[in-house]
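Take a look at this one; I'll ask things after.
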Amino acid sequence: MKKQFRYILLLVMAAALNGCTKNFDELNTNPGTLTEAGLREMPFMFSKAQSAAAVNQGYYQTTQNLYADLYAQYFALNTTSFQTDRYLINDGWLPRPGIVTYVQTVPQLRTIFENAQPASGEYALAEIMWVYVFHHMTDYFGPVPYFDAGKAQDVIAYDAQDKIYDDFFKRLDHAVKALQQAGVSNVFGNYDLIYGGDVQQWIRFANTLRLRLALRISRVQPDRAKQEAEAAVAAGVMTDITHTAKLKRSLSGNDGNGLARVASYNEFSMSSTMLSYLKGYNDPRMNKMYQPAVGNGAFRSVRNGSPAVALNNPLNQADQTSNAGTYWATWNGTAWLPLLEASQTVLYAAEAYFLRAEGAVNGWNMGGAAQALYEKGIETSMQQWGVTDAAVINAYKQSAALPAAPGDVANSPAVADIPVKFGTAANVQRQQIGTQKWIAIYPDGMEGWAEFRRSGYPKMYPVLQSDNADLPAGAFIKRLPYPSAEATTNGAELKKGIQLLGGPNNAATRLWWDVE
């Protein structure tokens, strides 16, 4: 079966959420490309969808780095060129997550759905990537166009976030069962940029993603969360660093590693929140995640939301503070060189252990005790970052050391007062699990920010200055507002979306799963 794949879909979806330029068709349609796609084109489309969903270098800075990476407090700006670290949202950038989702990813996956059999491995992998890209989209904004996304319609309706999550779980369950019953060991082969088509790896990925999403709804739908989490663990989640999902990047087009590209700009530094934890814990991963400042040879940080006067302090300048690690960019003495071909981690195996540890604290059947799962998560993360000395890892797990004052320009105190060694009280255990998971999934700012909003962990410094009237001093940002262009291009549906959101279209309104 072959379905016609019309490029007008790109225009419809761009207008539906993003309100792109009037000349979008001329700027983005290559007259030499295919206007139809079918079975033969599915592997190429899957590659394109994977690369786009993980946010390539062309979109990384204004889709992830200047938003989620800062709000997860993996980084803090060391320049006055941007204000998003002080919660001043740039409306011109807000359509870009929608372009990544609706223009670059969804049409490819929708075409696979239209050409593959629902029980096939191709359909299953497309479903998994559909959930992956949309859980980022909905966790940024809240209700978004979902069920009709990618269809050639004039109007694409917004859908409630609880309905979207319900479909996530159904799709992942269907995908895993289809892969288990398909009778094949490989799908898409080398066109799969993450696992080379390995079906067993994809089953573990889907189950781990299902576990992640189950914890996300654990405060608003605890019974459903328990059901989904236990089903995911029973079906088999990631347990080894060889299961970690890493997407191959290349120098072709804009397909390079996005963090590598923006690290070469050197406009952000390690956050003081991160340095407080890593410094206090004497964490052996620090020199892999970040690198010493080129101007002084020390690990130094910047406090998130620093006002302009603080950023102009010589001690907060880029050469005096720590950039992302040498995996992403290196200093040659005169300039930063991006490692654009560095693989991009999509989902760490260590995360599965921390998710299971929290589930165990909740009383769910996670296949182990909370402490054992927590400590295995630390061990797996250490191994992922190249720390293999068992004595070093064990000493870290048993450490009573506490977070330390980062020694920043703001003279910040220690950000928290919990050790790594697993506590006895459930509230302490939750904080420790959340903190170590946050460290372990660096630099995945989208997930780090989502989990901070959901769990409240790790404890973070409030921004020094908020330039957003909806977020007073001490408040943390809760979501990204819908772009203003949406009121013009899809105004009636936008109003419905805001009704589903249940609050004003601003950065202070909580998402459905974000409850106190």
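The values are calculated or read from the model by the stated rules, or taken from the named source; none is laboratory data. The model shown is predicted, which means the values in this text are computed figures rather than measured ones. No Cβ is skipped: glycine too gets one built from the backbone with ideal geometry, and neighbour counts run over all protein chains shown. Only protein heavy atoms, including side chains, enter the accessible area calculation; ligands, DNA and RNA are left aside. Shrake-Rupley method; radii C 1.70, N 1.55, O 1.52, S 1.80 Å.
In region 317-338, how many residues are touching a helix residue (DSSP H, G or I) at 6+ places or on another chain (Cβ under 8 Å), touching a residue at least 40 places away in the same chain (Cβ under 8 Å) and over 20 Å from A72 (Cβ atoms)?
Count: 2.
Let me ask something additional. Would you check which residues across region 55-99 are under 26 Å from L315 (Cα atoms), among the aromatic types (F, W, Y) and not in a helix (DSSP H, G or I) and list them?
Those that are under 26 Å from L315 (Cα atoms), among the aromatic types (F, W, Y) and not in a helix (DSSP H, G or I): Y67, Y74, F75, F82, Y87.
Right, Y165: open to solvent by less than 10 Å² (accessible area, probe 1.4 Å), at pLDDT 95 or above, closer than 22 Å to P118 by Cβ and of a type in the set (F, W, Y) or not?
yes
Which ones in region 53-73 are more than 18 Å from A475 (Cα to Cα) and in contact (Cβ under 8 Å) with a residue 40 or more places away in the chain?
If the condition is that a residue be more than 18 Å from A475 (Cα to Cα) and in contact (Cβ under 8 Å) with a residue 40 or more places away in the chain, then A53, A54, V55, N56, Q57, G58, Y59, Y60, Q61, Q64, N65 are the ones that fit.
Of the residues that make up region 499-507, is at least one among the small types (G, A, S), farther than 30 Å from M382 by Cα and at pLDDT below 95?
Step one: list which residues in region 499-507 are among the small types (G, A, S), which gives 502-503, 507.
This time we only want the ones that are farther than 30 Å from M382 by Cα, so: 502-503, 507.
Then keep just the ones that are at pLDDT below 95; that gives none.
Checked region 499-507: no residue is among the small types (G, A, S), farther than 30 Å from M382 by Cα and at pLDDT below 95.
Mind listing whichever residues of region 482-500 are open to solvent by 20 Å² or more (accessible area, probe 1.4 Å) and either part of a loop (DSSP other than H, G, I, E, B) or of a type in the set (A, V, I, L, M) (or both)?
S484, A485, A487, A492, I498, L500
May I ask you to say which residue of A310, A342 is over 15 Å from K437 (Cα atoms), among the aliphatic types (A, V, I, L, M) and assigned to a loop (DSSP other than H, G, I, E, B)?
Working: A310 fails: assigned to a loop (DSSP other than H, G, I, E, B).
Among A310, A342, only A342 is over 15 Å from K437 (Cα atoms), among the aliphatic types (A, V, I, L, M) and assigned to a loop (DSSP other than H, G, I, E, B).
Just a yes or no: is a residue in region 407-425 touching a residue at least 60 places away in the same chain (Cβ under 8 Å), out of contact with any strand residue (DSSP E or B) (no Cβ under 7 Å at 6 or more places or on another chain), outside any loop (DSSP other than H, G, I, E, B) and open to solvent by 20 Å² or more (accessible area, probe 1.4 Å)?
no
Looking only at region 457-478, how many residues end up being in contact with a Lys or Arg (Cβ under 9 Å, 6 or more places away or on another chain) and not basic (K, R)?
So the count comes out to 12.
Those residues that are under 21 Å from V187 (Cβ atoms), open to solvent by 10 Å² or more (accessible area, probe 1.4 Å) and not in a helix (DSSP H, G or I), I need them from region 117-153; list them, please.
Residues satisfying the conditions are Q117, P118, A119, S120.
Can I ask one more? Would you check if there is a residue in region 17-31 being among the aliphatic types (A, V, I, L, M), at pLDDT 95 or above and over 30 Å from A440 (Cβ atoms)?
Initially, region 17-31 is screened for residues among the aliphatic types (A, V, I, L, M), giving 17, 27.
Imposing the further condition that a residue be at pLDDT 95 or above reduces the set to none.
Checked region 17-31: no residue is among the aliphatic types (A, V, I, L, M), at pLDDT 95 or above and over 30 Å from A440 (Cβ atoms).
Right, here's the next one. Does any residue in region 490-509 that is free of Cβ contacts under 8 Å to residues at least 60 places away in the same chain come within less than 7 Å, Cβ to Cβ, of a residue that is open to solvent by less than 40 Å² (accessible area, probe 1.4 Å) and of a type in the set (G, A, S) six or more places away or on a different chain, and which pairs are these?
The qualifying pairs are A508/A475.
Looking at (1) of a type in the set (D, E, K, R); (2) in a helix (DSSP H, G or I); (3) surrounded by fewer than 20 Cβ atoms within 10 Å (Cβ to Cβ), find the lone condition where K246 falls short.
It is condition (2) that K246 fails.
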